[in-house]
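Have a look at the structure below before the remarks.
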Amino acid sequence: VQLQASGGGLVQAGGSLRLSCAASGSIFSINAMGWYRQAPGKQRELVAAITSGGSTNYADSVKGRFIISRDNAKNTVYLQMNSLKPEDTDVYYCAARTVGGGGYDYWGQGTQVTVSS
């Protein structure tokens, strides 16, 4: 499984960004995809995830502001980020969990999101 993330950038507080993560390779084995974020010196945290069945879950810090969705025809997962705050500034990573895997075993490259105050 290969993951290609895109869509990061610089935005003012209150603005919006949409991240995309395109999957390729053995996509039939993917049963969930997620977005994580990590700031320097901090642990990587799960921001949002979506299963192959469409179930979603979000970190408390982003509930009501971020929306994760998927386009099966494009093998792409999106993270719509609204009402962005400076504390959302991080490197964001997409990840995939596969059937038989122990967790999120496949990772895309990070994309920087910077929210200015």
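The values are calculated or read from the model by the stated rules, or taken from the named source; none is laboratory data. The model shown is predicted, which means the values in this text are computed figures rather than measured ones. Don't worry about glycine lacking a Cβ; one is built from the backbone with ideal geometry, like all the others, and counts go over all protein chains shown. Calculation scope for accessible area: heavy atoms of the full protein, side chains included, ligands and nucleic acids excluded. Shrake-Rupley method; radii C 1.70, N 1.55, O 1.52, S 1.80 Å.
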(message) What pairs come out if I take residues in region 2-17 that are on the phi > 0 side of the Ramachandran plot and touching a residue at least 12 places away in the same chain (Cβ under 8 Å) and pair them with residues that are of a type in the set (A, V, I, L, M, F, W, C) and not in a strand (DSSP E or B) whose C-beta lies under 8 Å away, six or more apart or interchain?
(response) Gly14/Leu84
(message) Return the pair list, or none, for Cβ contacts closer than 7 Å from residues in region 89-117 that are farther than 13 Å from Val1 by Cβ and modelled with pLDDT under 95 to residues that are part of a strand (DSSP E or B) and open to solvent by 30 Å² or more (accessible area, probe 1.4 Å), at least 6 apart or on different chains.
(response) Gly103/Arg97; Gly110/Val91; Gly110/Tyr93
(request) Please give the strands (runs of 3 or more DSSP E) falling wholly within region 56-109 in which 1 or more residues are within 22 Å of Lys42 (Cα to Cα) and either open to solvent by 50 Å² or more (accessible area, probe 1.4 Å) or among the charged types (D, E, K, R) (or both). (result) 56-58, 90-98, 104-107
(request) Tally the residues that are more than 15 Å from Asn72 (Cβ to Cβ), in a strand (DSSP E or B) and among the polar types (S, T, N, Q), restricting the search to region 35-55. (result) 1
